[in-house]
1. I'm trying to understand the selection: among the residues of the stretch 241-256, which are among the small types (Gly, Ala, Ser) and either touching a residue at least 24 places away in the same chain (Cβ under 8 Å) or not in a loop (DSSP other than H, G, I, E, B) (or both)?
2. Looking at the stretch 222-235, is at least one residue in a loop (DSSP other than H, G, I, E, B), modelled with pLDDT of 95 or more and open to solvent by 10 Å² or more (accessible area, probe 1.4 Å)?
3. Which numbered condition in (1) free of Cβ contacts under 8 Å to residues at least 24 places away in the same chain; (2) within 29 Å of the chain's Cα centre (by Cα); (3) open to solvent by 50 Å² or more (accessible area, probe 1.4 Å) is the only one that Ala17 fails?
4. Need the failing condition index for Pro626 against (1) without any contact (Cβ under 8 Å) to a residue 24 or more places away in the chain; (2) open to solvent by 20 Å² or more (accessible area, probe 1.4 Å); (3) over 28 Å from Gly545 (Cβ atoms), just the number.
5. So Gly112 fits all but one of (1) more than 20 Å from Leu147 (Cβ to Cβ); (2) touching a Cys at 6+ places or on another chain (Cβ under 8 Å); what number is the exception?
6. Could you list, in sequence order, the residues of the stretch 163-185 that are part of a helix (DSSP H, G or I) and basic (Lys, Arg)?
7. Among the residues of the stretch 531-572, which ones are touching a residue at least 40 places away in the same chain (Cβ under 8 Å) and among the hydrophobic types (A, V, I, L, M, F, W, C)?
8. Out of the residues in the stretch 58-74 that are closer than 22 Å to Gly96 by Cβ and out of contact with any strand residue (DSSP E or B) (no Cβ under 7 Å at 6 or more places or on another chain), state the one that is most open to solvent (accessible area, probe 1.4 Å).
Amino acid sequence: MNVSHEWLKAFVPHELAPAELRDLLTGRVVTVDELLPLREDLAPIVVARVVEAARHPDSDHLWVTKVDAGGAEPLDVVCGAPNVAAGKLYPFAPTGTTMPNGMTIEKRKIRGAVSNGMLCSARELGLGESHEGILELELEARPGTPLLDALPIGDTRLVLDVTPNRPDLLSHLGVARELASALRRPMALPRFEGDDRAVAPAASNRKAGRAGSIVVHLEDALGGAPRYIGATIRGVTVGASPEWLVRRLESVGVRSINNIVDATNYLLHELGQPMHAFDASVFHAGSLPAPTVVVRRAKAGERLVTLDGVERTLDQRMLVIADAERVHALAGVMGGRESEVTERTTDIFLEVATFDARTTRHTRRATGLSTDASHRFERGTDPELPGLAWERAVRLITAVAGGELEGAVDLVPVPPQRQAIVLRAARVARLLGAAVPAAECVALLESIGFAARLAPGTEMLRGEEEIVVVPPSWRRDVALEVDLVEEIARLHGYDALPSDVRPFRPGNVPDAPLWVTSRRVREALVGAGLLEARPLPFVRGGEEGYLRVANPIAENEPYLRTSVLDTLARRAEHNLAHMQRNVRLFEIGAVFAPGTGDGDLPREETRVALLVMGDRRPTHFTEPRPPAWDEWDAKGLADLVASAAYPGAPVELREDSGAVLWSVVVAGEARGEVRRVALDAPVWAAPAFGVELTLERTSARAVAPPGHTAYEGDGAGSAAGRLRYRPLPVTPAVEIDVALLVPDQMPAGRVEEILRGAAGELLERVVLFDEYRGTGVAEGFRSVAWRLTFRHPERTLRDKEIEGRREKLLRTLEAELGVRQRA
């Protein structure tokens, strides 16, 4: 997301330099990746004072001047402008300056007079179209002051790394909210000429209404377009945009097209609300009594030529904007060529809507179109923003293009609801490790638009203060109490929270065996001087045995890899392309292979691989030419990795042939190999050697009913044979408790074994929950109680079934173990 420093200042007046603003935003809300000064081409230009000015003796239109540019002596400069005058300040380009148009200023003789630089006009500096004379500066500045320091013409672009959970920051409005909160200053929308003109309110309706003479129908209301505002503006004049609007768009990297399109692009970047202007003359009535705009699903096989000139075939999952006969736009993605606003356009239909994120994402992927609008709709736009955006758009369009609003309609099938969240002050203190007073929590949340209030009496009734919070419409990422705690942490300031380690209670769940194995292997390889790589598991592939991803991140790497060494080989080639011949890399990651049967999921293995080439040790004055890695070094690393992955197991490296030098055998089973690695390498590159070893295998098997998936694990780190994953049950369970008199010498596990065997296939769980000795229990016995859970996967169990199973259990226990139910 590109943000203009000057544009933000129009929202929240402040004195922060761009670098200070960067640090504030990065520490508080969003990472600023880059600062880009926009008029660095004017950096050599300085403010200069004309000390003397006289007519050129050999010309009736040239002036010979002496210019104070901050140096030790005034400079002789020949000027052809009619408005040069002694005592005035002007922009000056010294000798050697490269002007914005690419011209280089050189010392030269003009009709016998030496000129050491140039006094500049607004056009020569790219600050306007005037070239009638040099640009006179009405300011107070010392000669030699850089022009960028003297005039507010050097805007700076901030490049923000906006995460998907904060789509509100994809606008100057969203960033300005955070800035106003941080600086504790008021925020207001920037004003423009015509911003105060009245706009008639839109007619509200649910699924249909009139925008002037155009009828709007919302056919796909709940699924694709939760809100749709249409406005008809008659009598516009399409042409060039005013200079202020062009500069605003240029400050965020947007090219000016015409005043109508520029107005919609301006509001997209200002408010974060995508909108689209159609040429209203393209909407036909067909068999209907009036021109019509219909928001509906596309019909299979429908075609549309989009604004980029490409004809696209649509499917039924796409949402489109159409009239009674034809499609005119892909909703939330791109408009059509036929309805484009051109110089011949006199009437426009303005669309300001909220489109469904999933529908927009499908359309974008299916068509291969990625636009500023789709980027925002996919992440979720503010459902209440269109109400503000359409009125501001009408005012801006009529201000820059003329015309009058004929009518507007606001279609909202179901008004959005915002749920309140209860925030406990004690919970904030527990999670952050520092107490933040409830009143301060309220103030912090209110500063960024949350509605927050202390719940009266909660401290007295429950012993802790509670805050009732309603998130604003633009913060749909905040849904839980912990989300509010995270907001308070960043607003309070991470640097204000304690950094000491507090007491904690460790859990009793052991670490996953594969994680423990990976940690041992990682520590061993890092200790040996290797560096860990973490690339994505995608490769070019294309041969048999590779699995293609349905929606690959990059089309040049659409396959899942079958070897980790393949990925490390590409990393090694990347290093060689950058003249780095010494490579010591390893990765712990997954490889994939097709399932063994139809419908099976891919087989997946977790492996460790390493690749070494070049010098074995860094260069030192005691060893100017260290020895290179060879196959024996690779063999030693293979033994190191295998010993770390399988501690205590016998490891054997068996000599092989060809590219495979040795096979790694652990406890009699082949687990990996040591090999030469073929690279696309220059002639000066050293040989590359690699080791790849399996840590864990998983495979998919059809051992469950349709709709179920089962995985079986084997190998190092496999904790529990076969793990079955089943959907959550939809029928109710029945629980029964059985208390049994069990002899002291009889293990409870023996009794539970009989319970499980005799309970039948409907038994879901057996839990031992009580043991008792004392009154009512004969000496030499103890009372042991189990809770048995029964469930049928398709229906509710009947009482007679459960009672029958209880009786069967008791008969079996008495017959086989002599154990009876406790009275």
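The values are calculated or read from the model by the stated rules, or taken from the named source; none is laboratory data. These numbers come from a predicted model, not from an experiment. Note that each Cβ is placed from the backbone with ideal geometry, even for glycine, and that neighbours are counted across all protein chains shown. All accessible areas refer to the heavy atoms of the entire protein, side chains included, with ligands and DNA or RNA removed. Shrake-Rupley method; radii C 1.70, N 1.55, O 1.52, S 1.80 Å.
1. Looking only at the stretch 241-256, we keep the residues that are among the small types (Gly, Ala, Ser), and these are 241, 251, 253, 256.
Matches in the stretch 241-256: Ser241, Ser251, Gly253.
2. First, pick out the residues of the stretch 222-235 that are in a loop (DSSP other than H, G, I, E, B): 222-226, 235.
So of that shortlist, the ones also modelled with pLDDT of 95 or more come out as 235.
Applying the additional criterion that residues be open to solvent by 10 Å² or more (accessible area, probe 1.4 Å) yields 235.
Yes.
3. (3)
4. All conditions are met except number (2).
5. (2)
6. Residues of the stretch 163-185 part of a helix (DSSP H, G or I): 167-169, 172-183.
Within the stretch 163-185, just Arg177 meets the criteria.
7. Residues satisfying the conditions are Leu531, Ala533, Leu547, Leu560, Val564, Leu565, Leu568, Ala569, Ala572.
8. Initially, the stretch 58-74 is screened for residues closer than 22 Å to Gly96 by Cβ, giving 64-74.
Within this subset, residues satisfying the condition of being out of contact with any strand residue (DSSP E or B) (no Cβ under 7 Å at 6 or more places or on another chain) are 71-73.
Values: Gly71: 50, Ala72: 102, Glu73: 134 Å².
The extreme case among them is Glu73.
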